[in-house]
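Accompanying notes for the structure given below.
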Amino acid sequence: MKAICPICFHRCSLSEGQTGFCGARINVGGKVISENYGKITAAALDPVEKKPLNRFFPGSRIFSVGSYGCNLHCPFCQNSDISMQYTRVPTHVVSPEDLVRQAVTLKKDGNIGIAYTYNEPFISYEYVMDCAKLAHAHGLKNVMVTNGTVEEEPLLEILPWIDAFNIDLKAFTQTFYDTVQGNLEVVKRTIALAAKHSHVEVTTLIIPTENDSEQEMESLTAWLASVDPEIPYHISRFFPSFQAQDRPATPVKTIYHLADIARKRLKYVYTGNC
């Protein structure tokens, strides 16, 4: 029996045992669930600024975990070794109880909670929800580092459990989002809704000739300021990676110039990878 995945706009219609576009959600018994539930590919105690979150408990650390799979396909992915490898990447299974137990143990090292990151956390929806509820019960914060490609209903369901987001706003044209098989309006909706409930910071990876024009930065930051001019905005430098090895790194002067444009409308603008 076919079932439709409710997590993102791709709305994959899956036969029994079939996985979706993201490579991590599967039809089991007529219901689409997280095939990568609890399958951890990476874990580290990171500075919270590395997420990047510069205005959410700055100076603290957060237990960062990820799985595999993604519901966008970016040829320039900076983390393709796990996000785009699907079941070929080594994993170890960690229950929500064990994950939260580890996070609590790390409080002595300055840990404030759990960051669901490295790959797209929304495709691990059930696992993130179970962990987030348990983490809150133990006084821990929850952070999602996400591309923002999620339907409204699951987003609203999980919002009460997520204290902070860093959301990728990859560009400000649908033409660019077409190249990664995404939807700009969906991401804008995610940012606007999340900002009403949680701390939100936004990141754009600047890729030469793709999303680095002054006009696009003007439009993007004008929209972001209309949501909230105090949303911290991170402008990050691209380095050749994944299927974009032949592209040059973004010139540092481009990053600084675009940051100057962004500061005309936004209070907190940061540059990264420079």
* Filtered residues of segment 1-49 (kept if outside any loop (DSSP other than H, G, I, E, B), farther than 23 Å from Val94 by Cα and either among the hydrophobic types (A, V, I, L, M, F, W, C) or under 19 Å from the mean Cα position of the chain (by Cα) (or both)) -> Ala3, Ile4, Leu14, Glu49
* Those residues that are over 17 Å from Ser34 (Cβ atoms) and part of a helix (DSSP H, G or I), I need them from segment 99-132; list them, please. => Val100, Arg101, Gln102, Ala103, Val104, Thr105, Leu106, Lys107, Lys108, Asp109
* Restricting attention to segment 174-189, and to residues there that are of a type in the set (A, V, I, L, M, F, W, C) and not in a loop (DSSP other than H, G, I, E, B), which single residue is farthest from Lys141 (Cα to Cα)? -> Phe176
* Only listed residue being over 22 Å from Phe21 (Cα atoms), among the aliphatic types (A, V, I, L, M) and crowded, with 23+ Cβ neighbours inside 10 Å, chosen from Ile123, Ile114 -> Ile114
* To do: Those residues that are within 15 Å of the chain's Cα centre (by Cα) and part of a helix (DSSP H, G or I), I need them from segment 156-168; list them, please.
  => Ile158, Leu159
* To do: Please specify each residue of segment 223-258 satisfying the condition of being in contact with a Lys or Arg (Cβ under 6 Å, 6 or more places away or on another chain) and either in contact (Cβ under 8 Å) with a residue 12 or more places away in the chain or crowded, with 17+ Cβ neighbours inside 10 Å (or both).
  => Ala225, Pro229, Glu230, Pro232, Thr250, Ile255
* To do: Give the residue, chosen from Ala135, Ala171, Ala192, that is in a helix (DSSP H, G or I) and either basic (Lys, Arg) or within 27 Å of Val269 (Cβ to Cβ) (or both).
  => Ala192
* Please verify whether segment 104-119 includes one or more residues that are within 26 Å of Pro240 (Cα to Cα), out of contact with any helix residue (DSSP H, G or I) (no Cβ under 6 Å at 6 or more places or on another chain) and of a type in the set (Val, Ile, Thr). => yes
* **Residue under evaluation Ala44, criteria (1) within 17 Å of Ile123 (Cβ to Cβ); (2) exposed (fewer than 15 other Cβ atoms within 10 Å of the Cβ); (3) without any contact (Cβ under 8 Å) to a residue 24 or more places away in the chain, criterion not met** => (1)
* Asked: If we scan segment 183-197, do we find a residue that is farther than 23 Å from Arg237 by Cβ and among the hydroxyl-bearing types (Ser, Thr, Tyr)?
  -> yes
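Since every read-out is calculated from the coordinates, none of them should be taken as a lab result. Predicted model only: the values in this text are computed from it and were never measured. Neighbour counts run over all protein chains shown; Cβ positions are idealised from the backbone, glycine included.
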